[in-house]
Each structure stands twice: as structure tokens, then as C-alpha cells.
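Colleague: Sharing a structure here in C-alpha cells format.
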Amino acid sequence: MSDSILESDIWLRDITFTENKIYQIVAPSGTGKTSLVHILFGIRNDFTGTILFDDTDISSFRNHDWSSIRKSHISIVFQGLGLFPELNISENIAIKNKLTHYKSEEEIRFLIQTCGLESHTHKNAGILSFGQRQRLAIIRALCQPFDFILLDEPFSHLDEKNTEICMHILEEELQKRNASAIITSLNKQLYTTNQHVLDL
């Protein structure tokens, strides 16, 4: 067993993610950050140990359980973003928002404008820069109800200013929902004072 696993704040430990917090999970590439995010989102089950959602073991969940959880309780920004490259910014967001009608058109326009994407609204996602696509993916992930939002290296291609803008938006959303965020990154970064850093 490697020393890095023994020193981890998560692997081989009991840990509870609670509401109204921002968790930053820090680790080098290839050490399991994305695997952890995928496990928590229910798209990987190749792990040992037990994960409980509200005292229910996720090993008992079936496809319809996960579908309901992902629609109402957990949102995600994948490291690869998972956008539709042939659709523009508005269309990518609309696909998500039409599932729950969580955000009004006015709220979506405000998020697009705040994130500096207003002049790119009708551009297909495939021709945007990776940083622009990251901002789009974050907006899209906010267009549903959730108790937890998982963000896998969401700011890797953003400068300091755009990172601050996205974090401010995220913090406001978390406060309104009394929700929590789990953010992975390669290095420790002070995003907010309400931040709990965990080493993977």
C-alpha cells in the first residue's frame, strides 16, 4: 500500500460531506480525483468500502434511483465537460434547463453575461476556447436543483479574474440552495474562506 494512500484524507478513511460547505480535493494527476467524482455521481462502481447517501448504501441504487438523484440532488461539471460541440451556448444550456425548468431565461442571460459569454451565445461549443467551454459547463450545471455539485478541475483553463467570477456565482447559488460543492484541483488554491481542503 503506497504512502500516498495512507496519507489521504479520503481513501481508507471515514469522511462525511455535509451541507452548506465547499470542499476542495487536491491531488496530482492520475491519483483518483476523477474516479472519486465518477463514483459519487454513480457512473463507476469499481470500489471497495461503503458510500452512503442520507444513510442509504448507494450499492442498492438502480438506474431509476440514479436518474432521480442526478435530476434533483447532484449536479456535475465533468473534467471533459460533456458539452454538445455542434450546439451553441444557448442550446447546450437549454437541453439541461428543459429537464427541470429550474432557471428562467432572464436568469440564464444574466449568468451568460456575468461569465463574459454574451458575445459568443450563438457560437457552437466546439469552436469555443476550453476556458469558455468551462464557463458554459458551469452555467449548465447550475440549471437544475441540487444538494451537491461536483466540479472536476473546473477552473484549469481560467485566469484569476474568471475563476473569481465563477466562484462568486457558485457561492451565491450554494447559499440560496443550502448546498455544497466538491471541487477537485491539482494544487491548493484559496477560492473562498468557506473552504475545506482535503488531500487525496
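The values are calculated or read from the model by the stated rules, or taken from the named source; none is laboratory data. Just so it is clear, the model here is predicted, and its values are computed rather than measured. Cβ placement follows ideal geometry from the backbone for every residue including glycine, while neighbour counts extend to all protein chains displayed.
Colleague: Hey, can you tell me all the residues within the stretch 39-90 that are under 27 Å from Ile138 (Cβ atoms), assigned to a helix (DSSP H, G or I) and among the small types (Gly, Ala, Ser)?
Modeller: Ser67, Ser68, Ser72, Ser90
Colleague: Within the set of pairs 6+ apart or on separate chains, which have a first residue in the stretch 138-150 that is within 16 Å of Ser68 (Cα to Cα) and β-branched (Val, Ile, Thr), a second that is buried (at least 24 other Cβ atoms within 10 Å of the Cβ) and at pLDDT below 95, and C-beta atoms under 6 Å apart?
Modeller: Note: no pairs meet the criteria.
Colleague: Ok, one more. Give the residues of the stretch 109-142 that are assigned to a loop (DSSP other than H, G, I, E, B) and either more than 16 Å from the chain's Cα centre (by Cα) or of a type in the set (Ser, Thr, Tyr) (or both), sorted by residue number.
Modeller: Cys115, Gly116, Leu117, Thr121, His122, Lys123, Leu128, Ser129
Colleague: Let me ask something else about it. Quick one: which of Ser104, Ser119, Ser59 is surrounded by fewer than 17 Cβ atoms within 10 Å (Cβ to Cβ), modelled with pLDDT under 95 and of a type in the set (Gly, Ala, Ser)?
Modeller: Ser59
Colleague: Let me ask another. Keeping to the stretch 136-174, report how many residues are more than 28 Å from Thr18 (Cβ to Cβ) and either buried (at least 21 other Cβ atoms within 10 Å of the Cβ) or of a type in the set (Lys, Arg) (or both).
Modeller: 2
Colleague: Between Ile76, Ile51, which is within 18 Å of the chain's Cα centre (by Cα) and either at pLDDT below 95 or surrounded by 15 or more Cβ atoms within 10 Å (Cβ to Cβ) (or both)?
Modeller: From the options Ile76, Ile51, the qualifying one is Ile76.
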